[in-house]
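Heads up, the thing below is written out as structure tokens.
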Amino acid sequence: NVDINQALLILINQEKKKNIKRILLSIRDEIIKGKTLSESFNKTGKFSTYEYLSIKIGEETNNLDVIFKELEKYYERKIKLKRQITSILTYPIFVILTTFVVLGFMLNNVVPMFESIFKQFGGDLPDITKKIIFLSEHFNYFATISLIILFLLISAHFFLRKREAYRSITSNILLHLPYIGNVFKTFYFARFNYSMSLLLSSKISLISSLTMVKKMISYYPIEKTLDSIEKDIIKGEMFSKAMKKHKIYPNKIITLVKVGEETNQLEKAFKTLSDNYDADLEYQTKIMGVVLEPLMIIILGIIVGFIMVAMYSPMFNLSKILGK
């Protein structure tokens, strides 16, 4: 067996990236000073609450090897999901940026050319053409205002993200977004079930597991139910019955949790749910990629087509423009 100090030395000698090596050295220094591994990890500020608490559980239950194996699986899932999301979003983001570039080019260069021609002819223009010309004349103003609003929204998010009221509002909005809301819900239920499975299999009590999950999950709709569920369990209610009082939990989770309680295999029930939600998430992200690509092309086509129709429609009625 290799102790933690030796393990860290091996990792430090193998690591080529300077920033990661610096983090590992920092962890080793803290351990030499007498800190626990979880405290050393937490002090770096580079690890999430989930990771810190998982290691802390491993230390308290003397199951660090099991916890690190589970964290390995967690990172594999995390990296896999990140790659899937990156793959899905790369094309739509490229199309959106292209759309803005094309829109900017057309409104700043193409539309003014048509406008100068229309002015030479005189006469009244269709409403649709007037609106596009107005947009073209004020495009830079609208673009600046949009960027300022975007900057303010991002700043407000970072400032308010830890406030309960803000988290409640934003999570509610996310939940009701078509399809995307369901993907978010699936992702966090996969994390919730995996966390519960990890904690219960480490022989942590159900109440302590729920307390820790509340810190690990980072998802307000689930977090806000856990205090109430804890109180109900302390009063002697079944976990599944306590969960049933909250609409956020689907029947699939409640039913399997009930089976887990009745067979005294709650950790296995959560492991099964975690695997199911992971499979659902993989499928949903693939479908999202399939749907988003053609949708982005259609949106780009509609925007360009709308501008071209607005510019060419007066051409089909030159007699009116010439006052004939």
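Starting from 0.36 nm per residue, how many nanometres of slack lie between residue 17 and residue 247 once their C-alpha separation is accounted for?
Full extension of this stretch gives 78.2 nm more.
Rolling a 1.4 angstrom probe over the protein chains, ignoring ligands and nucleic acids, what is the accessible area of residue 246 in square angstrom, nearest 10?
Answer for residue 246: close to 40 Å² accessible.
What residues qualify as long-range amide H neighbours of residue 237, i.e. H under 5 Å apart, gap of 5 or more or another chain, H built at 1.01 Å from N?
Under 5 Å from the amide H of residue 237 lies no amide H from a residue far enough along the sequence or on another chain.
Between residue 215 and residue 117, what length comes free when the chain is fully extended (0.36 nm per residue of separation minus the Cα-Cα distance, one decimal in nm)?
Length gained, residue 215 through residue 117: 28.9 nm.
Using the Cα gyration tensor of region 1-158, with a ≥ b ≥ c the square roots of its eigenvalues, what is the shape: rounded (a/c below 1.5), prolate (a/b larger than b/c) or oblate (neither)?
In terms of gyration-tensor shape, prolate.
Quantify, in whole percent, the carbon and sulfur part of the accessible surface of the chain (1.4 Å probe; protein heavy atoms only).
62
Report ³J(HN,Hα) in whole Hz for each residue of region 230-244, in order, from the Karplus equation J = 6.51 cos²θ - 1.76 cosθ + 1.60 where θ = phi - 60°; Gly and Pro get x.
Those phi angles translate into 4, 4, 5, 5, 4, 6, x, 6, 5, 4, 4, 5, 5, 5, 4 Hz.
Would you kindly state how much longer the chain becomes between residue 60 and residue 265 on full extension, computed as 0.36 nm times their sequence separation minus their alpha carbon distance, in nm to one decimal?
So the extension gain works out to 71.6 nm.
Under the √(5λ) rule applied to the eigenvalues of the Cα gyration tensor, what semi-axes describe the equivalent ellipsoid of region 215-289? Give them in Å, descending.
Taking √(5λ) for each Cα gyration eigenvalue gives 24, 16, 10 Å.
As a check on your grasp of the helix formula, calculate [θ] at 222 nm for the chain: sum -39500 (n - 2.57) over DSSP H runs of n ≥ 4, divide by the residue count, round to the nearest 500.
The per-residue figure over the chain is -27000 deg cm²/dmol.
Over the Cα atoms of region 132-198, each weighted equally, I'd like the Debye log10 I(q)/I(0) at q = 0.12 Å⁻¹, rounded to two decimals.
Log-scaled intensity ratios, in q order: -0.55.
Whole Å is fine, so just give me how far the alpha carbon centre of region 174-231 lies from that of region 75-120.
Computed from Cα coordinates, the inter-centre distance equals 36 Å.
Which loop trypsin sites (Lys or Arg not before Pro) in region 132-212, with loop taken from DSSP, have no more than 16 other Cβ atoms within 10 angstrom of their Cβ?
Listed in order of number, the matching sites are 161, 162, 163, 203.
In region 156-287, how does Rg compare with the Kirkwood Rh, expressed as the Rg/Rh ratio over alpha carbon atoms?
Taking Rh as the inverse mean 1/r over Cα pairs, Rg/Rh reads 0.97.
Per residue, how much accessible surface does the chain expose to a 1.4 Å probe? Answer in Å², no decimals.
Ligands and nucleic acids excluded, the figure is 62 Å² per residue.
Got a sec to turn the phi values of region 47-59 into Karplus ³J(HN,Hα) couplings, 6.51 cos²θ - 1.76 cosθ + 1.60 with θ = phi - 60°, whole Hz, x for Gly and Pro?
Taking θ as phi minus 60°, the curve returns 10, 6, 4, 4, 5, 4, 5, 4, 5, 4, 4, x, 5 Hz for region 47-59.
Using the crude model of +1 on Lys and Arg Cβ and -1 on Asp and Glu Cβ, and no other charge, please compute the dipole size for region 191-290 relative to its Cα centre, in debye to 20.
The calculated dipole for region 191-290 is roughly 220 debye.
In vacuo Debye scattering of the chain, one point per C-alpha: log10 I(q)/I(0) at q = 0.07, 0.10, 0.16 Å⁻¹?
Per q value, in the given order, log10 I(q)/I(0) is -0.48, -0.79, -1.37.
Give me the log10 of I(q) over I(0) for region 208-249 at q = 0.17, 0.18, 0.30 Å⁻¹, as the Debye formula computes it from C-alpha points; what are the numbers?
So the normalised log intensities work out to -0.40, -0.45, -1.12.
The values are calculated or read from the model by the stated rules, or taken from the named source; none is laboratory data. As the structure is a prediction and not an experimental result, all values here were calculated from the model. Glycine also receives a Cβ, built like all others from the backbone with ideal geometry; neighbour counts cover every protein chain displayed. When the accessible area is computed, the model is the full protein with side chains, heavy atoms only, and any ligands, DNA or RNA have been set aside. Shrake-Rupley method; radii C 1.70, N 1.55, O 1.52, S 1.80 Å.
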